[in-house]
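Only one structure is covered here, and it is reproduced in the block below.
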Amino acid sequence: MAAEASPGLRILLHQHHKDRAPAHISSHADRDRVLEIFKSALSKSGPPSEFALQTVQVAIKPQRQTVLVQDENQSLENALRTLLQELVSSAVQSGERIMQYGQLIDDQESGLGHIPRLLDIVLYLCERGHVEGGMIFQLLEDLTEMSTMRDCKEVFGYIEGKQDILGKQELFGRGKLVMLRTCNQLLRRLSKANDVVFCGRILMFLAHFFPLSERSAVNIKGVFNTSNETKYEKDAPDGISIDFNFYRTFWSLQEHFCNPASTTFAPSKWHKFSSNLMVVLDTFEAQPLSDDDGNANNLEEEEASAFSIKYLTSSKLMGLELKDPSFRRHVLLQCLILFDYLKAPGKNDKDGPSETMKEEIKSCEERVKKLLEMIPPKGKEFLNSVEHILEREKNWVWWKRDGCPPFEKHPTEKKAGHDGLKKRKPRWRLGNRELSQLWKWADQNPNALTDPQRVRTPSVMDYWKPLAEDMDASAGIEEEYHHKNNKVYCWKGLRFAARQDLEGFSRVRLLEQQFFLAAQLCVHSHFRSKYQSKPSEKSKRAKKEDESKEPAQHLEDSQIATLATDIDGGGNGAELEDVAIPMDADAAIQSGAPTPEEKQSPSGELEAEAEAEAGIIDGESDTEAAGVVPS
């Protein structure tokens, strides 16, 4: 037997599986051996995971234990395609349905035929990566080509059942083009008039199988199906009872609906279309439908299966079709779709309609919508649904013109810790990292609390030095870089002045000048308090004496005289009062004489009230007022 074998055939008798060489299917004998091995595997019970890989190892004897190389995949695919062809041929000869061939009579409900069993085995091997991922798609394509349309419905039912597995990334990339070609071949074989449901199943499968942004299913160039012609009678037959001119006018609209681009570019065609459409709309308005017509012409559930996608164009049926609400809605909806195409967003001025055409489109669209709303039953609800669909269609138009960008957004991978757990967000003791570190630093260094430099408030003179340098013309500092433009700097300076130089701060509030002048006054007041002599003990005693009332009496007399002068002279007393009172207050401050309020309270209480007032203005401690943090 070995002598009769071809030179390329190698017979391995008792070789160890680690040292065995690949046994390619290079002869009919090897192919028959592989077919017999897989036929015996089809009769095994249990899931394919229990015996599928072992069957491949026995049949092919691969170089690797679990993965086939390219030549081994090709050899196995050829053998399986031959086996599938034999099973289909046997099913046809026996008169059985190909998907039920080989199914046991006692196990018809739960059992599978030989072909679904073979497909399950190959699908398991492709899913696990033992064989090439496109092998299952190639077998499905061969099966649909060898099957009748009746059997193709059952084959496609199997495909729909395995949609989740076939759509996995490791299989989808290998076989998406084969699956697209298979579905397109089925659509070409089906009748669009008689197999509407099956065509819809195929289209729904493609919509779910392919991603939303798949460009292969998008009509990027916007090519119209001009082969979909509507044939109607050109000459009037004998014995016709309707207006044949209206009949030809009505069905001539389908030529424009079939190719809207030609209507836009040719003005003569647009005038012809608009004139024919006006005739049809006038007829619909002259013959409105009643509620009885709408109820009588509704399609029943049993008639839905016989519903055709195109209406008959016989002139004898014209009178009945005009009384059909669905027929009218069909034609009016075509008009709205055409108008929506002519007004499509993003069109250039050259491609878009002219101004006169826009006005005609607007008027015709209003009439069409009014007619749709009048057609029973539920005309208003139907019109609202159509408007909503057309509004959403504009988004798809923009998406196509932008190059079909992908809709899918892949989730960002969250970085996990070394132990695989999610990394928790750090929680700070005092709200943020800086304050927490400052608090820890104080705990670790106890001497920082007793450090004399920890809290240091600068003097007013030191604080205003940068401002004085800005005012020096020889420094050459530009105006935009002056410290007076810094609101925080000015605000802190006023707080320092309120603390350390209350006299200068009161002058600032009374004069209400620009801030750099206020700062200058504070600096000069600081020099004055430093170099001028201190007030005498006599003046201090004069402040503490409650018996001396002459300054108060003098102030009251001057106020009364001023008020009398305002009343007698009729002048602006408010202006005089504003001028007189600050001058008296200033004089009282310079002379050291007590005011009436100062006489009513002791000097100690006056100083305490001044400090309390300054504290109310500040609202914080000295450290917070200076804006200094522990160093």
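Laboratory data are not the source of any read-out in this text; all were calculated from the coordinates shown. None of these values were measured; they are calculated from a predicted model. Please note: Cβ atoms are built from the backbone with ideal geometry, for glycine as well, and neighbour counts cover all protein chains shown.
Here are a few things to note about the model shown:
- Other residues with beta-carbon under 12 Å from the beta-carbon of Lys370 carry, at +1 per Lys or Arg and -1 per Asp or Glu, a net charge of -1.
- Among the GluC sites (Glu not before Pro) in segment 162-241, those placed in a DSSP loop whose Cβ has at most 16 other Cβ atoms within 10 Å are Glu214, Glu229, Glu233.
- Counting only Cα atoms, the size of segment 75-227 along its three principal axes is 52, 39, 28 Å, in decreasing order.
- Theoretical FRET efficiency, 1/(1+(r/R0)^6), r = Cβ-Cβ of Gln169 and Glu366, R0 60 Å, to 0.05: 0.75
- Evaluated at q = 0.15 Å⁻¹, a Debye calculation over the C-alpha positions of segment 30-143 (equal weights, vacuum) places log10 I(q)/I(0) at -0.62.
- Computed over Cα pairs, the Kirkwood radius of segment 98-188 leads via Stokes-Einstein (1.567 mPa s, 4 °C) to a diffusion coefficient of 95 µm² per second.
- Loop sites in segment 218-269: trypsin sites (Lys or Arg not before Pro), DSSP, at most 10 other Cβ within 10 Å: Lys221, Lys231, Lys234
- Listed values for segment 364-378 are Karplus-derived 3J(HN,Hα) couplings in whole Hz (6.51 cos²θ - 1.76 cosθ + 1.60, θ = phi - 60°), namely 5, 5, 5, 5, 5, 5, 5, 5, 4, 5, 7, 6, x, x, 6, and x replaces Gly and Pro.
- In this label model, Lys440 and Asp462 are separated by 3.1 nm, measuring between points 7 Å along each Cα→Cβ vector.
- Across segment 473-479, computed HN-Hα scalar couplings (Karplus, 6.51 cos²θ - 1.76 cosθ + 1.60, θ = phi - 60°) run 5, 5, 5, x, 7, 5, 5 Hz from first to last residue, x flagging Gly and Pro.
- One decimal place: the segment Trp398-Val279 gains 39.4 nm when fully extended, by the rule 0.36 nm per residue minus the C-alpha distance.
- Binned Cα-Cα distances of segment 173-261, short to long, each 5 Å bin given as a whole percent: 2, 10, 14, 14, 16, 13, 9, 7, 6, 4, 2, 1, 0
- Cβ-defined net charge surrounding Gly157, 15 Å radius [Lys, Arg +1; Asp, Glu -1]: -1
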